[in-house]
Amino acid sequence: MKLYKSTKEPEIYHYFNANEEKLWMFRHKYYDAANKRREKKKSGFKTEKAALKALLEIKAATLRGQTKHIENENLTVSDWLDMWYAENKKDWSIKTLVQRESAIRLQMKPLLGHYKLQKLDKATYQREFINVLEKRYAPSMLKLLHTLFKIAINAAVEAEVLDRNRFTKVKLSDDAKIENFLTPAQLVVFLEDAKKNENITSYSFLLTVAYTGLRCGEACGLQWRDIDFENNTITVARSRGQYGVGKTKTKNSERTIMVDQVVIDQLEMYRKWCKKKLLSRGKKLKDVNDDTFIFISEHLGEPISTNNTNLAIKRIIQRTNLPKTTLHGLRHTHCTVLLNNKLPVKVIAERLGNTPQMVHTVYGHVLKEMEQESVTVFSQSLNAVGAKIGANS
């Protein structure tokens, strides 16, 4: 194919296709991040002006150092999901690995995989992904899949394949407040009933989660060596669930937190019970650096499963007529109580093993209510000392 250089721009050319139609193209040479000489070219433009506009966009991107963005222009959503999964799977917990592999294979790729990653816009995402999934799944599942896709896109931004995440402000039809939590008064009723009517393992487990905000897998993964009875701390170092023992959800999740004396006293009492139970099964707790899992079943002395505590929660709710909640709801309760008592978001995020950004995302409605309250509190504080301030009449 013979190319004819433009008289206006040396990197613009025109040519004739098989139908003798005049078309335009550009060929731009640049250096990538590794200082390697590369060329970006694109053809098929109907006009010289269109080719020039595209060329200027490429030149602007190279000047900004966005060479990866240029080199991955033809990357599909499916291609990126494969790359993201392959590069990160060794760092994810077993639960996270299974969850993300399933979401990629069953929802993300079938619905969005064929789209060019850099061309996928908010409207298309809403129509082809969110609207379709709304008809298939409960709001909680929809929210999870939306969150997972945003995580994958954030990784593309971090890798400089995309310049920004277009999907952070996509609204779900049930983009509602988190209601899965109890008030402090309700939590007291909940724990008092657990203490009175449930076995010592269930009560100790629920008390620990309520007072720490630990995730279910983190609590199930606690070992006796993680409890510092002298300094009143618990160290979260692993997660345990239906897929076995693995890493915590994220690096932020590995943490050591202070706990209330109420929890320490209960765990000391519970440890004595565990010693007797394990001895009856021919096992023994060591005095130091014990890697035995803390929460064990009442009858077999084996580490409990999440089903044990889920059933206990259902029984408590039935007996007390409290609002329906879940084990994760106790984590929400812990966070909401701290937020309502004006603790800094950064402190709460570190305690929960989260990021401040995630706290703002999940608990934004609580923070909004606090912001509105702060306006009133400030005004009332000035009025209380006799301030006569306002617009001139």
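The values are calculated or read from the model by the stated rules, or taken from the named source; none is laboratory data. Everything quoted here is computed from the prediction, not taken from an experiment. All Cβ positions, glycine included, derive from the backbone under ideal geometry; neighbour counts span all protein chains shown. The protein model used for the area step is the full one, side chains on, heavy atoms only, and it has no ligands, DNA or RNA in it. Shrake-Rupley method; radii C 1.70, N 1.55, O 1.52, S 1.80 Å.
Worth a mention:
- The set of residues from region 16-47 being surrounded by 12 or more Cβ atoms within 10 Å (Cβ to Cβ), out of contact with any helix residue (DSSP H, G or I) (no Cβ under 8 Å at 6 or more places or on another chain) and within 23 Å of residue 74 (Cα to Cα) comprises 23, 27, 41, 43, 47.
- When 89, 109 are checked against the criterion of being touching a helix residue (DSSP H, G or I) at 6+ places or on another chain (Cβ under 7 Å), at pLDDT 85 or above, surrounded by fewer than 15 Cβ atoms within 10 Å (Cβ to Cβ) and not hydroxyl-bearing (Ser, Thr, Tyr), 89 stands alone in meeting it.
- Count of region 201-234 residues which are in contact with an Asp or Glu (Cβ under 7 Å, 6 or more places away or on another chain), among the aromatic types (Phe, Trp, Tyr) and touching a residue at least 60 places away in the same chain (Cβ under 8 Å): 2
- Qualifying residues in region 48-73 (those that are of a type in the set (Lys, Arg), surrounded by 12 or more Cβ atoms within 10 Å (Cβ to Cβ) and modelled with pLDDT under 80) - the one nearest to residue 115 (Cα to Cα): 68
- The lone exception for residue 276 - which of (1) open to solvent by 60 Å² or more (accessible area, probe 1.4 Å); (2) under 27 Å from the mean Cα position of the chain (by Cα) it fails: (2)
- A residue that is closer than 30 Å to residue 23 by Cβ, assigned to a helix (DSSP H, G or I) and of a type outside the set (A, V, I, L, M) occurs nowhere in region 99-122.
- Subset of region 126-136 [under 11 Å from residue 107 (Cα atoms) and either among the aromatic types (Phe, Trp, Tyr) or in contact (Cβ under 8 Å) with a residue 24 or more places away in the chain (or both)]: 129, 130, 133
- Any hit, region 259-277, residues being touching a strand residue (DSSP E or B) at 6+ places or on another chain (Cβ under 7 Å), at pLDDT 95 or above and in a helix (DSSP H, G or I): yes
- Taking the criterion of being in contact with a helix residue (DSSP H, G or I) (Cβ under 9 Å, 6 or more places away or on another chain) and hydrophobic (A, V, I, L, M, F, W, C), the residues of region 119-148 that qualify are 120, 129, 130, 132, 133, 141, 142, 144, 145, 148.
- Qualifying residue in region 240-252 (condition: more than 21 Å from the chain's Cα centre (by Cα) and charged (D, E, K, R)): no
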